[in-house]
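The values are calculated or read from the model by the stated rules, or taken from the named source; none is laboratory data. No experiment lies behind these values; they were computed from the predicted model shown. Cβ: placed from backbone, ideal geometry, glycine included. Neighbour counts: every protein chain shown. Accessible surface is based on the protein model in full, side chains and every heavy atom, while ligands, DNA and RNA are left aside. Shrake-Rupley method; radii C 1.70, N 1.55, O 1.52, S 1.80 Å.
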Amino acid sequence: MLIKTIIEYSALFIECCSASILLLGFIKVFSRFIIAEIMQKNHYAFSEVSEKYRHQIGRYILLGLDFYIISDILHSMFAGDTMSLIRLGVVSILRTIIGYFLGKELN
């Protein structure tokens, strides 16, 4: 039971890390975007600027998703019933697919 508790708290910690990564990425990229918009004199270059920030925020999202997938794997180790395993499996698969295509988009 001690191992189960340790793994559950570890999964919760990893989820918090993932949320922190996403929040930090949002704050960092959003603040840079706002500063760039305020300092920008030529508004025709918006597409270039927005593309740059889309790639930056995409990297944070991809890293956050990877952490969430790790957390899902840890949660599935002690899932008690079949429905919990199915739910965790579906969520993990969706996050993996989103991460895969986001990674392809960033490359």
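Please verify whether Glu48 is charged (D, E, K, R) and either open to solvent by less than 30 Å² (accessible area, probe 1.4 Å) or touching a residue at least 40 places away in the same chain (Cβ under 8 Å) (or both), treating the condition exactly as stated.
Working: charged (D, E, K, R): yes; either open to solvent by less than 30 Å² (accessible area, probe 1.4 Å) or touching a residue at least 40 places away in the same chain (Cβ under 8 Å) (or both): no.
So Glu48 fails the test.
Of all the residues in the stretch 35-79, those that are farther than 26 Å from Tyr9 by Cβ and at pLDDT 85 or above number 7.
Looking only at residues in the stretch 1-30 that are among the polar types (S, T, N, Q) and open to solvent by 50 Å² or more (accessible area, probe 1.4 Å), which one is farthest from His55 (Cα to Cα)? Outline the logic, then answer.
Initially, the stretch 1-30 is screened for residues among the polar types (S, T, N, Q), giving 5, 10, 18, 20.
If we keep only those that are open to solvent by 50 Å² or more (accessible area, probe 1.4 Å) too, we end up with 5, 20.
On the way: Thr5: 38, Ser20: 19 Å.
Among those that are among the polar types (S, T, N, Q) and open to solvent by 50 Å² or more (accessible area, probe 1.4 Å), it is Thr5.
If only residues of the stretch 55-107 that are of a type in the set (Asp, Glu) and exposed (fewer than 13 other Cβ atoms within 10 Å of the Cβ) are counted, the one that is nearest to the chain's Cα centre (by Cα) is Glu105.
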